[in-house]
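Right, one structure below, let's go through it.
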Amino acid sequence: MAYRVLADHARTLTVAICDGGLPDNVGRGYVLRRILRRAVRYAVEKLGAKPGFFASLVPVVNEILKDEFPELLKDPQYTMDIINEEEAQFLKTLNYGKRLFDKTANALQGDIIPGDVAWRLYDTFGFPLDLTCLMAEEKGLQVDCQGYEQAKLKAQEMSRCGGVADDDKTDIDVHGINQLQKSNIAPTEDILKYNYTANDSGQYTFELLSATVKAIRSGGKFIEKAESGDRVGVILDKTCMYAEQGGQIYDTGFISGANDSGILINNIQVKAGISFTKVLLRETLLLETPFKYHLMKIEEEKL
């Protein structure tokens, strides 16, 4: 089946991209993105293919269809570049999303993947709902699609209500910095943001690291516990993320916590050497938790 999926999806994407379509988050672009990510998953997980394999099928499609669609031969490299770029973005989060899915599936008492988990797979890791449904079907499970829509609406409502007022409640001022210093919270170790490798295409790869939660801020004060769905500010003992400063925009990404939930990073500021990360929680967060947090940079707008 995997071979048929790849052949069909390669034809579809090659012709569509040549015709001006591009993977996107809305409209026909989202249809193309869903098709591409389904194909990438089959290539990687079912066939053990290396990155770039799917794009290598473009010349084969062009050769087969060149008589019916001679325009395919105009710029095949452009089509391959689009596919490779999309594949690279998805592969950054594919393993994390699969871990969350497998962990949820193994812990189920019944045969229904909760809707909030399906939404988290999309919202954080870029898994379209139909891809999650396919993965569930392969395990003899189903997805609570109604719960997915409810989680989606809740997330949209939280986003609309976030605004400046909510941002102010999680921010940190000079009084907050003074509290941290009196509590002997050391400046954040951020030397690891320089520890990366780059390939010939200019794509950067950062090492994952573990970090401990040293402080949580919400409602204009420091707290010891926050719940899933809360927007809070988090101070870690170390980070590989760039904060906003000197005209440079902050990094985006997520923190993978104890439940592999993918805690979204909304903003990163640095004050008095302390990196202050604003996040949307996907699990309960405790001060000085015994587990570690793994940070991973992603280009969120391309998911």
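For LEU286, neighbours were defined as the other residues whose beta-carbon sits under 11 Å from its Cβ, and their charges (Lys and Arg +1, Asp and Glu -1) total -3. When the C-alpha to C-alpha distance is required to be over 26 Å, the pairs from LYS225/LYS271; LYS98/LYS154; LYS103/LYS221; LYS152/LYS214 that qualify are LYS103/LYS221; LYS152/LYS214. Relative to the longest principal Cα axis of the chain, at what angle does helix 76-107 sit, 0 to 90 degrees, rounded to 10? Long axis of 76-107 versus the principal axis of the chain: about 60 degrees.
Amide H contacts for ILE263 (H built 1.01 Å from N in the peptide plane; partners 5 or more residues away or on another chain; cut-off under 5 Å): ILE255, SER256, GLY257. Taking Cα extents along the principal axes in Å as calculated from this structure, the corresponding entry among (i) 74, 48, 33; (ii) 58, 45, 43; (iii) 62, 44, 38 is (i). Applying 1/(1 + (r/R0)^6) with R0 = 41 Å to the Cβ-Cβ distance of LEU73 and GLN150 gives a FRET efficiency near 0.30.
In a reduced charge model with +1 at each Lys and Arg Cβ and -1 at each Asp and Glu Cβ, the chain shows a dipole moment near 580 debye about its Cα centre. Each peptide in 265-272, 70-77 receives the mean, over its residues, of other Cβ atoms within 10 Å, and ordering these scores from highest gives 265-272, 70-77. To test your reading of the geometry: what angle, between 0 and 90 degrees and rounded to tens, separates the Cα axis of helix 129-138 from the longest principal axis of the chain? Taking Cα atoms only, the helix is inclined about 80 degrees. Put simply, the amide H of GLU244, placed in the peptide plane, has neighbours under 5 Å in TYR250, ILE268, GLN269, VAL270, leaving out anything fewer than 5 places away on its chain. I want to verify a result. In a Gaussian network model of the chain, Cα cutoff 10 Å, which of these has the top mean-square fluctuation: ASN95, ASN106, ASN195? Looking only at ASN95, ASN106, ASN195, the biggest GNM fluctuation is shown by ASN106. When you count the other C-beta atoms within 10 angstrom of each residue and take the mean per peptide, 281-288, 231-238 line up highest first as 231-238, 281-288.
Dipole size of region 1-160 about its Cα centre, with +1 on Lys/Arg Cβ and -1 on Asp/Glu Cβ: approximately 460 debye, rounded to the nearest 20. Axis angle, to the nearest 10 degrees, between helix 27-41 and the longest C-alpha principal axis of the chain: 90 degrees. Along the axis of the charge dipole computed for the chain (Cβ charges of +1 for Lys and Arg, -1 for Asp and Glu, origin at the Cα centre), the listed residues ILE83, LEU286, ALA39 are led at the positive end by LEU286.
Just so you know, all these numbers are worked out from the coordinates, no wet-lab data involved. Computed from a predicted structure; not experimentally measured. Ideal geometry is used to build each Cβ from the backbone, glycine not excepted, and the neighbour counts take in all protein chains shown.
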